[in-house]
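All remarks here apply to the structure that follows.
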Amino acid sequence: MRRIGIMGGTFDPVHYGHLVTAEEAYHRFRLDKVVFVPSAHPPHKLDKVITSPAHRYMMTVLATMSNPHFEVSSVEIDRPGPSYAVDTVATFRKDYPNNTALYFITGADAILEMLGWKDSTTLLRMCDFVAATRPGYFIADSKIAEVFGEHASRVHFFEVPALAISSTDIRARVREGRPVRYLLPDIVISYMERAGLYAV
Ligand code: ATP
Ligand code: MG
């Protein structure tokens, strides 16, 4: 039985928070690989200016290239319209053999919003959810039961170290001329500089 992790995100830009989370999920849930899926038009960010999918895809490829069990998929970018997790997971279900277990990896912040996602019940039927908690961010079992009900056993939490890193903060840092080194891979920083991303 294969176990595939799906790491969805805007990745604007991808950073060590994403990479450490994916690697930890790989280890904790004994995954065969983790597929990063940059979104085309995040439904919850329709009102925001987002860097072009091509740039975000490139940065994600560069950031994951040195890890043999990381992959990047362009399914969401290639599909017109907003990116819904339920459509992406359905694509994976179709593309991989039936006995493949799918693990959708998110941050703990995203998991609690999940019930607001499109067809979240269908989603919970198709895959497990693994949610990274940042240290100090604790979600009580009672809260999980309250939010996920009968699907609570499909939701797993795991802790990732030291990750107060966010793309929002990185973009603000670039804009303000503050350092971003050590928050994301050097090669992504080089790409950002070359493409003139995030600077005013
Ligand atoms: P933004 O600040 O623009 O929202 P972000 O840093 O939250 O960006 P996203 O692309 O929105 O990055 O996140 C993709 C996924 O990675 C989400 O599931 C999110 O919860 C998770 N994630 C983001 N940052 C971290 C982090 N530092 N540690 C663990 N998970 C994270
Ligand atoms: Mg986010």
Original post:
When you count, for each residue, the other Cβ atoms within 10 Å and take the mean per peptide, how do 22-29, 137-144, 79-86 rank with the highest first?
Top reply: 22-29, 79-86, 137-144
Subject >> Local net charge near Leu31, Cβ-Cβ under 15 Å (Lys/Arg +1, Asp/Glu -1) >> reply: 0
Subject >> Rg(Cα)/(2.2 N^0.38 Å) for region 71-146, N = residue count >> reply: 1.21
Original post:
By how many degrees, between 0 and 90 and to the nearest 10, does the Cα long axis of helix 53-64 differ from the longest principal axis of the chain?
Top reply: 80 degrees
Original post:
Mind checking the angle between helix 16-28 and the chain's longest principal axis? C-alpha axes, 0 to 90 degrees, to the nearest 10.
Top reply: 30 degrees
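Using heavy-atom solvent-accessible surface (probe 1.4 Å) with all chains present, what is the largest-first order of Asp128, Asp109? Intermediate results must be reported in sequence, preceding the final value.
Values: Asp128 30, Asp109 70 Å².
If we order Asp128, Asp109 from most to least accessible, we get Asp109, Asp128.
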Original post:
According to a simple spin-label model (label point 7 Å from Cα along Cα-to-Cβ), what is the distance in nm between Ile139 and Leu115?
Top reply: 1.1 nm
Original post:
Count the lysine pairs in the chain that are 8 or more places apart or on different chains: how many have C-alpha atoms under 22 angstrom apart?
Top reply: 5
**OP:** Percent of Cα-Cα pairs per 10 Å bin, from 0 to the last occupied bin, for the chain, please list those.
**Re:** 8, 35, 39, 15, 2
**OP:** Would you mind checking which residues have amide H under 5 Å from Arg134's amide H? H placed 1.01 Å from N; only 5 or more apart, or other chain.
**Re:** Ala108
Subject >> For region 3-164, accessible area per residue (1.4 Å probe, heavy atoms of protein chains only), Å² >> reply: 47 Å²
Subject >> Positive minus negative residues near Ile187 (Lys, Arg vs Asp, Glu; Cβ under 14 Å) >> reply: 0
**OP:** Whole Å is fine, so just give me how far the alpha carbon centre of region 1-64 lies from that of region 123-138.
**Re:** 15 Å
Subject >> Between 0 and 90°, nearest 10: helix 186-195 axis offset from the chain longest Cα axis >> reply: 60 degrees
Original post:
Just how many % of Cα pairs in region 102-200 lie over 21 Å apart, if you round to the nearest whole percent?
Top reply: 48 percent
Original post:
How much of the accessible area of the chain, in percent, comes from carbon and sulfur atoms when a 1.4 Å probe is used?
Top reply: 53 percent
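I need to check one value: relative contact order of the chain, counting alpha carbon pairs closer than 8 Å and at least 6 residues apart, in percent.
Computed value for the chain: 25 percent relative contact order.
The values are calculated or read from the model by the stated rules, or taken from the named source; none is laboratory data. Since the structure is predicted, the reported quantities are computational estimates derived from the model, not experimental observations. Virtual Cβ from ideal backbone geometry, glycine too; neighbours counted across all protein chains shown. Just the protein is used for accessible areas: all its heavy atoms, side chains included, with ligands, DNA and RNA removed. Shrake-Rupley method; radii C 1.70, N 1.55, O 1.52, S 1.80 Å.
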